[in-house]
Structure formats: C-alpha cells, structure tokens
Amino acid sequence: MLTFAVATAAVIVGLLAFDITRWCESGRVLTRKQKIIRVLSAGIALSILSFMVLGWRATEAIRIFAALGYWMVCLGLAFALIFLALFDIREVGVGYGKEKRRILRDLISPMLRRRKSTDDSGNGHRRRSQN
C-alpha cells in the first residue's frame, strides 16, 4: 500500500512539474486563475493521498467519532478537489471561447477591410443597368 501511495504521489508531483514547465513556454496560454486552480488541485490531491495512507493506521487507535471525523475531512477534501476540477473545466471553456472568437475576428477583419475599400473606391461591384 505504501509503495502504491509513493508511486501515486510521484506521478502527481511529476504531472504538476510537467504542467509548470509548459506554463513557462511562450505558446502556452493559461490565466493566473487556472494556474492557481491547478496548483491547489495538486496540493489537495497529495493531501488526500497522505490522509488515505496515514488514515488506516491512525484511525485504529482513536475513537469511532474521531475516526469518522478524520474520514469526513478526507471526504471533504475529495469534494473540494472535484469542485476545483469542475471550475478548471469551466475556465478552460471560457478561454477556448475567447480564443475562438479572436481567431474568427482575425479571419473576418481582412475580408471586411477589403470589402470596405472596394466599396469606397467605387471600383468594386457595379450595379446592373435596368432596361
């Protein structure tokens, strides 16, 4: 059990380190809010893992209500982690929408400028003469 916990903790820390190195790249666009959410999520995941590893030993020697409180704290942290994950998904969706609108605006603006310049110069579309 302990080796599994250590391996899981190493994976979590490795993923966080990988994510942090990607933040430093110029192409990676994360808001400050997303960075905070991801670091908090990693911290909470590591604390849940340590609670679970220590919990099966620590709760044997204490009373039932104290053990129940211990596991309720662990459950509360798990719900906090789920909430942070949902909040991160929302932030990613908002960022995706902004980026999508920016790309569409960049694609459409040259066409609108070209159309406006041809309309202003009078050399653009000619009206058909009616007979």
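Listed here are the residues, each with its yes/no results for (1) part of a helix (DSSP H, G or I); (2) modelled with pLDDT of 85 or more.
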site: 3; (1), (2): yes, no
site: 28; (1), (2): no, no
site: 36; (1), (2): yes, yes
site: 46; (1), (2): yes, yes
site: 52; (1), (2): yes, no
site: 57; (1), (2): yes, no
site: 71; (1), (2): yes, yes
Residue within region 92-108 that is more than 30 Å from residue 35 (Cα to Cα), at pLDDT 85 or above and surrounded by 12 or more Cβ atoms within 10 Å (Cβ to Cβ) present: no
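Given the residues 80, 66, 10, which is the only one that is out of contact with any Cys (no Cβ under 9 Å at 6 or more places or on another chain), surrounded by 15 or more Cβ atoms within 10 Å (Cβ to Cβ) and of a type in the set (Gly, Ala, Ser)?
80
The values are calculated or read from the model by the stated rules, or taken from the named source; none is laboratory data. All of these numbers come straight from a predicted model, not from anything done at the bench. Here Cβ is always computed from backbone atoms with ideal geometry, including for glycine, and neighbour counts include all displayed protein chains.
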